[in-house]
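The values are calculated or read from the model by the stated rules, or taken from the named source; none is laboratory data. Since this is a predicted model, take the numbers as computed values, not measurements. Heads up, the Cβs are rebuilt from the backbone with ideal geometry, glycines too, and the neighbour counts pull from every protein chain shown.
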Amino acid sequence: MITRTFKQIAQMIGAGWNPDYQANPLIRGVSIDTRTLEPGNLFVPIVGDRMDGHRFVQQALDKGAAAVLWEKSKPVPPAYGPVLLVDDSLLALQRLAKVYRSELPVRVIGITGSNGKTSTKDILAALLSTTFKTQKTFGNLNNHLGVPLTLLALEEDTEMAVVEMGMSALGEIQLLSSIAKPDAAIITNASEVHLADLKSREYIVQAKLEIVCGLKEDGVLVYNGDNPRLTQPLSRLKGSYERLSFGDHPANDVYPVHYTMDDTGVEFTISDRECPRLRIPLLGKHQMINALAALSVARYFGISFARITKGLLQIEATGMRNEKIEIADGITVINDAYKSNPSSLQAALDTLYEMEESRQKIAVLGDMVELGEESEKLHKSIGERLTAERLDHLFTLGRMAEHIAAAAKEANYPVERITVCADKEQLINELYQARREGRLEQSIILVKGSRALQLEDVIEALQQQTEAGRKREGA
């Protein structure tokens, strides 16, 4: 992580300080939250819609912060101490990250896209780690705060940094790319996510393409060539960087020739004849496509197929993305509760259908948010494709998800196999009742919904029911 003196940090961000303060403490790391602040950190008070971080500056100092930022427009800061005066604390944080990144010999790979960013990040980090000292975005710190914090957390000797970049409006990816200055960039795809914010698919694509704004001229852009909405405007962009496409279609630079899936992952071969048969321990064809993007970048940086083969088996996956959880009574839960949108939901359902034929397939589906005026239509489009032959029972949660159930009924999905729930308590009770009656035995349950619903609570309830049952049996 960044390690600089008080005066070096001041120079990097163009800050002033009380001239009576003559000390020059060493600062190590940056924090925007006093709950996780470590002694020696620089505390950056972020001003939000509901909270002003300046309220916690004194608390940060009391907890051992080596220095703090303070916006000049705010009331008088602590009278004496390691206080750096700035015009805007957020801009100062971003500037500090940009300067620090420029001082490091690290090569940065930026990843954006509507779906698959986090999984691709995890896969690529595993591949790069076979050869280089590698760091990656922690969790989902991929926005205007998360990307600067990720860069500032890099060690001085880090060789590769895999940085996830998210957005909710035009201009955000451009900002993040200008800060991170990626040597390579990946666009996983562009779909209906953020329709509520951006209003059109064309603007969504435009937002994803902003990642090339900071891409180095001798870098590489790896993009999903199966997506016409992405490839057409991309063909009109100018830039001297190399371009590589990946995807399912043979027209791409990298594509799968053959693949097989089971309940532990995907085995596949690719279009490069020098590449041996590969295996990825993640569920679903879409994860294989994510792996194609990652291995394209790994090969660009000279990693051998032998090391790629090894790296694919060492992926440290972020939770709640097709995460397989075994519960008693022959119940397997696929925890995909981090987020949901039409394309990712359909991919998750397709993965569910491909799993063990002998077991029941159950879907617990919550609302997909941020779809704007097309929300009802897009929810219905999921329900229209559900069939009794592939799905044994459907549970829905939320007002929008009701449209999935309604469309399924209209498409002749059996009404008796549909359970519509208004809230999580009802959903948990319905699942509990179904379990008591033995209707969940030998089943695979997909749990997926947008982040706001926090459907991991439903999975936790299933696990607690199992633990309570064991205790009763033990008594």
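Looking at ILE303, ILE327, which is the one that is touching a strand residue (DSSP E or B) at 6+ places or on another chain (Cβ under 7 Å), surrounded by 15 or more Cβ atoms within 10 Å (Cβ to Cβ) and not hydroxyl-bearing (Ser, Thr, Tyr)? Break it down stepwise before answering.
Working: ILE303 fails: touching a strand residue (DSSP E or B) at 6+ places or on another chain (Cβ under 7 Å).
Only one candidate passes the filter, namely ILE327.
For segment 232-243, which residues satisfy the criterion of being in contact (Cβ under 8 Å) with a residue 12 or more places away in the chain and either crowded, with 21+ Cβ neighbours inside 10 Å or not in a loop (DSSP other than H, G, I, E, B) (or both)?
Going residue by residue through segment 232-243, those that are in contact (Cβ under 8 Å) with a residue 12 or more places away in the chain are 233-234, 237, 239-243.
Within segment 232-243, PRO233, LEU234, GLU242, ARG243 qualify.
Quick one: how many residues across segment 341-360 are touching a strand residue (DSSP E or B) at 6+ places or on another chain (Cβ under 7 Å) and either among the hydrophobic types (A, V, I, L, M, F, W, C) or buried (at least 19 other Cβ atoms within 10 Å of the Cβ) (or both)?
Residues in segment 341-360 being touching a strand residue (DSSP E or B) at 6+ places or on another chain (Cβ under 7 Å) and either among the hydrophobic types (A, V, I, L, M, F, W, C) or buried (at least 19 other Cβ atoms within 10 Å of the Cβ) (or both): 5 in total.
Return the pair list, or none, for Cβ contacts closer than 7 Å from residues in segment 44-60 that are part of a strand (DSSP E or B) to residues that are among the hydroxyl-bearing types (Ser, Thr, Tyr) and at pLDDT 95 or above, at least 6 apart or on different chains.
Listed by first residue and then by second, the contacts come to VAL47/SER89.
Mind listing just one residue for me: the one in segment 417-443 that is among the acidic types (Asp, Glu) and touching a strand residue (DSSP E or B) at 6+ places or on another chain (Cβ under 9 Å) and, of those, nearest to ILE382 (Cα to Cα)?
We begin by selecting, within segment 417-443, every residue among the acidic types (Asp, Glu); these are 423, 425, 430, 437, 441.
Subset that is touching a strand residue (DSSP E or B) at 6+ places or on another chain (Cβ under 9 Å): 423, 430, 441.
Values: ASP423: 20, GLU430: 22, GLU441: 26 Å.
Ranking the qualifying residues of segment 417-443, first place goes to ASP423.
Being over 25 Å from THR318 (Cα atoms) and either in contact (Cβ under 8 Å) with a residue 24 or more places away in the chain or β-branched (Val, Ile, Thr) (or both) narrows it down to one residue among ASP183, ASP226; which is it? Give the steps one after another, and end with the answer.
Numbers: ASP183 fails: over 25 Å from THR318 (Cα atoms).
Checking each option against the conditions leaves just ASP226.
If only one of GLU242, GLU210, GLU202, GLU217 is among the acidic types (Asp, Glu) and under 19 Å from SER343 (Cβ atoms), which one is it?
After ruling out the rest, the residue left standing is GLU202.
Does at least one position in segment 371-391 carry a residue that is of a type in the set (A, V, I, L, M), surrounded by 15 or more Cβ atoms within 10 Å (Cβ to Cβ), at pLDDT below 95 and touching a Pro at 6+ places or on another chain (Cβ under 9 Å)? Can you show your working first?
Of all residues in segment 371-391, those of a type in the set (A, V, I, L, M) come to 371, 378, 382, 386, 388, 391.
The next check asks that each one be surrounded by 15 or more Cβ atoms within 10 Å (Cβ to Cβ); those that pass are 371, 378, 382, 386, 391.
Within this subset, residues satisfying the condition of being at pLDDT below 95 are 371.
Filter once more, so that each one left must be touching a Pro at 6+ places or on another chain (Cβ under 9 Å): 371.
Yes, segment 371-391 contains at least one residue that is of a type in the set (A, V, I, L, M), surrounded by 15 or more Cβ atoms within 10 Å (Cβ to Cβ), at pLDDT below 95 and touching a Pro at 6+ places or on another chain (Cβ under 9 Å).
Applying the selection to segment 1-55, what residues are surrounded by 12 or more Cβ atoms within 10 Å (Cβ to Cβ), within 25 Å of PHE138 (Cα to Cα) and among the β-branched types (Val, Ile, Thr)?
Within segment 1-55, ILE2, THR3, ILE9, ILE13, ILE27, VAL30, ILE32, THR34, VAL44, ILE46, VAL47 meet the criteria.
Suppose we keep only residues that are closer than 19 Å to PRO105 by Cα and not in a helix (DSSP H, G or I) within segment 1-27. Which one would you say is modelled with the lowest pLDDT?
MET1
To keep it simple, each residue is scored yes or no on (1) aliphatic (A, V, I, L, M); (2) surrounded by 20 or more Cβ atoms within 10 Å (Cβ to Cβ); (3) not in a loop (DSSP other than H, G, I, E, B).
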position: SER245; (1), (2), (3): no, yes, yes
position: PRO250; (1), (2), (3): no, no, no
position: TYR259; (1), (2), (3): no, no, yes
position: GLU267; (1), (2), (3): no, no, yes
position: ARG273; (1), (2), (3): no, no, no
position: ARG279; (1), (2), (3): no, no, yes
position: GLN287; (1), (2), (3): no, yes, yes
position: ALA291; (1), (2), (3): yes, yes, yes
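Take the residues of segment 56-92 that are out of contact with any Leu (no Cβ under 7 Å at 6 or more places or on another chain) and within 18 Å of GLY146 (Cα to Cα): which is surrounded by the most Cβ atoms within 10 Å (Cβ to Cβ)? Before the answer, list the steps.
Residues of segment 56-92 that are out of contact with any Leu (no Cβ under 7 Å at 6 or more places or on another chain), as a first pass: 56-59, 61-62, 64, 71, 73-77, 79-80, 82-83, 85, 87-88, 90-91.
Still in the running and within 18 Å of GLY146 (Cα to Cα): 88, 90-91.
Numbers: ASP88: 14, LEU90: 20, LEU91: 12.
The selected residue is LEU90.
Could you run through segment 348-370 and say how many residues are under 20 Å from the mean Cα position of the chain (by Cα), among the hydrophobic types (A, V, I, L, M, F, W, C) and farther than 20 Å from ALA411 by Cβ? Break it down stepwise before answering.
Filtering segment 348-370 for residues under 20 Å from the mean Cα position of the chain (by Cα) gives 348-349, 351, 365-370.
Checking the rest, the ones that are also among the hydrophobic types (A, V, I, L, M, F, W, C) come to 348-349, 365, 368-369.
If we keep only those that are farther than 20 Å from ALA411 by Cβ too, we end up with 369.
Of the residues in that region, 1 qualify.
Every residue, every condition in (1) of a type outside the set (Phe, Trp, Tyr); (2) at pLDDT below 95, yes or no:
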{"site": "SER296", "(1), (2)": "yes, no"}
{"site": "PHE301", "(1), (2)": "no, no"}
{"site": "PHE305", "(1), (2)": "no, no"}
{"site": "LEU312", "(1), (2)": "yes, no"}
{"site": "THR318", "(1), (2)": "yes, yes"}
{"site": "ILE331", "(1), (2)": "yes, yes"}
{"site": "TYR338", "(1), (2)": "no, yes"}
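Please give the helices (runs of 4 or more DSSP H) falling wholly within segment 363-457 in which 1 or more residues are under 15 Å from GLN346 (Cβ atoms) and free of Cβ contacts under 8 Å to residues at least 12 places away in the same chain. Spell out the reasoning first.
Numbers: elements: 375-384, 402-410, 424-436.
Helices (runs of 4 or more DSSP H) meeting the threshold: 375-384.
Consider ARG229 carefully, then state whether it is assigned to a loop (DSSP other than H, G, I, E, B), modelled with pLDDT under 90 and not assigned by TED's automatic domain parsing to the domain that holds SER343. I'd like the intermediate steps shown before the answer.
On the way: assigned to a loop (DSSP other than H, G, I, E, B): no; modelled with pLDDT under 90: yes; not assigned by TED's automatic domain parsing to the domain that holds SER343: yes.
Against the criterion (assigned to a loop (DSSP other than H, G, I, E, B), modelled with pLDDT under 90 and not assigned by TED's automatic domain parsing to the domain that holds SER343), ARG229 does not qualify.
Just to be sure before I move on: is LEU221 free of Cβ contacts under 8 Å to residues at least 60 places away in the same chain and either charged (D, E, K, R) or surrounded by fewer than 22 Cβ atoms within 10 Å (Cβ to Cβ) (or both) in the structure I sent?
Values: free of Cβ contacts under 8 Å to residues at least 60 places away in the same chain: yes; either charged (D, E, K, R) or surrounded by fewer than 22 Cβ atoms within 10 Å (Cβ to Cβ) (or both): no.
So LEU221 fails the test.
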